[in-house]
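Here is the structure we will look at, set down as structure tokens.
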Amino acid sequence: MERDNVQETIIKEAELFVKEEVRPYVNEFEENQGISKELIKKMAEKGYLAAPFPKEYGGLELDPVYYGLFTEVFGKASDATRALITVHTSLVGQTLLRFGTSEQKEKWLPKMAKGEVIGAFGLSEPETGSDAKNVQTTWEEKEDCYVINGTKKWITFGHLADLFIIIASNQGKSTAFLVERSFEGVETKRVEGLMVARTTYLAEISLNQVCIPKENVLGKVNYGFEYIVSAALDYGRYSIAWAGVGLAQEALEAMVTYSRKREQFGQKLRNFQLVRGMIGDAVTKVHAARALCVRAGELRKEKNKDAIIETTMSKYYTSKVAVEVTSDALQVHGAIGFTSQYPVERLYREAKVLEIIEGSSQMQQEMISDYGLMRYFKRR
Ligand SMILES: Cc1cc2nc3c(=O)[nH]c(=O)nc-3n(C[C@H](O)[C@H](O)[C@H](O)COP(=O)(O)OP(=O)(O)OC[C@H]3O[C@@H](n4cnc5c(N)ncnc54)[C@H](O)[C@@H]3O)c2cc1C
């Protein structure tokens with residue numbers, strides 16, 4: 001990968017920021033069921049809530065590869081801050097950048113960069129998950145606005161967000177709307193009691209006769225699924241792919257460190273061949289996962305048409321690697337690995353989510369096999 005001094009410096013600063021402002025408080029986030037507004041403000045002051053945005057909107061202008069490395073830095077330390085970056089800057093920010101009118105971009109992006117407005121992405125519903133084309137939330141055109149009715153569920157940062165991209169349907173065709181929390185009829189309720197995402201303000205959003213001004217359509221009417229959702233999920237998947245690298249790298253470091261300290265049978269764990277096997281596999285998987293993500297990032301930078309499928313493969317593979325490596329890291333820790341004294345129990349829980357969000361692993365496999373069946377068919 002091509003090195004760039006300015007972007008390298010941003011990554012180094014982000015590492016320092018995470019070391020000082022995030023890592024010491026990770027258990028506190030879990031206890032408090034969320035990251036603090038103060039931390040969000042500090043992230044905004046450093047430009048982290050606009051990492052991939054152009055400078056004109058207050059962004060750091062990280063290119064896709066550096067944005068990936070940046071996501072890994074946060075993903076290694078804290079899933080909550082990484083999730084904020086994924087949803088706010090990728091799913092909402094980059095989608096708005098690509099499809100927003102100049103008025104929409106000027107209105108929202110600088111505020112998002114400053115953390116004055118937090119974004120969330122509302123696609124999933126109680127009855128609609130993988131079959132995302134089939135959203136039940138409806139829109140209807142009235143003289144002066146579009147009226148939306150429905151319920152969104154599992155919306156990351158939904159309970160904190162000020163601005164939502166909401167996907168709604170009319171006669172089977174969906175449209176994306178910019179919905180403001182302040183609109184009458186918008187209510188959010190926190191989703192609680194999950195083994196994961198306790199820190200990310202996961203919400204159910206009720207939309208009851210919400211009147212959306214006509215200028216708040218994102219893209220065009222009926223562009224919802226083919227354009228907005230596809231693009232947003234592609235941005236989100238790229239960020240999740242790097243989240244997987246971060247979690248797996250952190251688990252690898254925990255596994256190695258513990259194996260060098262803990263003794264059984266009068267020896268360090270690291271001397272046992274079966275433990276060494278897990279470490280060898282973990283190192284290889286983490287390196288392979290990162291290489292796949294860097295390649296996807298380079299293709300994204302070149303605006304190569306294969307970037308989308310390579311991103312899909314990266315998301316599929318790194319989430320699988322994250323689950324495997326965090327599981328092995330927990331294995332190496334034995335019983336104490338289940339306690340919050342070590343990070344591996346949290347990493348293990350957080351890794352599993354990556355196989356579900358932004359399209360489950362089975363959905364990624366479907367897309368990858370569609371591609372493979374075309375690409376590798378030889379008429380002989
Ligand atoms: C922590 C967390 C955060 C989330 N954040 C957001 C968010 O910010 N915004 C948002 O809109 N959504 C969000 N979601 C929802 C997420 O996108 C969905 O959970 C996901 O799309 C899967 O949908 P589902 O849970 O309804 O599972 P289902 O679609 O019901 O699938 C259940 C199982 O069946 C499998 N399956 C389904 N269809 C097929 C098929 N055709 N072939 C093979 N297997 C299939 C799936 O792979 C899965 O294993 C979040 C979810 C979680 C857990």
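The values are calculated or read from the model by the stated rules, or taken from the named source; none is laboratory data. Because the structure is a prediction, the values reported are computed rather than measured. Every residue, glycine among them, receives a Cβ derived from its backbone with ideal geometry; neighbour counts consider all protein chains shown. Areas reflect the complete protein model, heavy atoms only, side chains present, ligands, DNA and RNA absent. Shrake-Rupley method; radii C 1.70, N 1.55, O 1.52, S 1.80 Å.
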Practice task
With 31 Å as the limit, write out which pairs from LYS76/LYS268; LYS153/LYS285; LYS55/LYS352 have Cα-Cα distances beyond it, or answer none.
Solution key: LYS153/LYS285; LYS55/LYS352
Problem - Spacing of the two label points (7 Å from each Cα toward its C-beta) at LEU16 and GLN341, in nm - result: 3.4
Handout entry: Electrostatic dipole magnitude of the chain [Cβ: Lys, Arg +1; Asp, Glu -1; Cα centre; debye, to 20]
Key = 1180
Exercise for the section: State the antiparallel share, in %, of DSSP beta bridges confined to the chain, rounding to the nearest 5. Expected result: 85
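Quick one: pull the percent of accessible area on the range 5-118 belonging to carbon and sulfur, 1.4 Å probe, ligands and nucleic acids left out.
48
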Handout entry: At 0.692 mPa s and 37 °C, Stokes D of the range 238-380 from Kirkwood alpha-carbon radius, µm² per second
Key = 204
Practice task
Please list the radius of gyration and Dmax for the chain, considering alpha-carbon atoms only, with Å as the unit.
Solution key: 21.0, 79
Completion exercise
Using alpha carbon centers only, the range 226-260 is separated from the range 44-62 by a whole-angstrom value of 21
Exercise for the section: Pick out the long, greasy-scoring helices in the chain: whole DSSP H runs spanning 24 Å or more along their own axis by Cα, mean Kyte-Doolittle at least -0.5. Expected result: 230-261, 273-301, 307-333
Practice task
Decide, for the range 81-205, between rounded, prolate and oblate: order the square roots of the alpha carbon gyration tensor eigenvalues as a ≥ b ≥ c, take rounded if a/c falls under 1.5, and otherwise choose prolate if a/b is larger than b/c, else oblate.
Solution key: oblate
Completion exercise
Ordering 21-34, 66-79 by per-residue average of other C-beta atoms within 10 angstrom, highest first, gives 66-79, 21-34
Fill in the blank from the handout: Expressed to two decimals, the range 13-167 has a Cα Rg over Rh, using the Kirkwood radius, of 1.00
Completion exercise
Given the candidates GLY150, ALA296, SER340, the one whose Cα lies deepest towards the positive end of the charge dipole of the chain, counting +1 at each Lys or Arg C-beta and -1 at each Asp or Glu C-beta, is ALA296
Fill in the blank from the handout: Across all Cα atoms of the range 1-99, Rg and the largest Cα-Cα distance (Dmax), in Å, are 13.2, 41
Practice task
Measure off, as a whole percent, the carbon and sulfur share of the 1.4 Å-probe accessible area of the range 120-221, all protein chains present.
Solution key: 42
Problem - Accessible area per residue in Å² at 1.4 Å probe, computed on the chain - result: 47
Exercise for the section: Whenever you get a sec, compute what percent of the accessible area on the range 225-375 sits on carbon and sulfur atoms (1.4 Å probe). Expected result: 55
Handout entry: the chain: calculated mean residue ellipticity at 222 nm from DSSP helix runs of at least 4, using -39500 (n - 2.57)
Key = -15500 deg cm²/dmol
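In whole percent, what relative contact order does the range 5-118 give with Cα contacts below 8 Å and a gap of six or more residues? Write down the numbers at each step before the final one.
Working: 113 pairs, mean separation 34.3, N = 114.
With pairs under 8 Å counted, the relative contact order is 30 percent.
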Exercise for the section: Can you tell me the dipole magnitude for the range 5-118 around its Cα centre, using point charges on the Cβ only (Lys, Arg +1; Asp, Glu -1), in Debye to the nearest 20? Expected result: 240
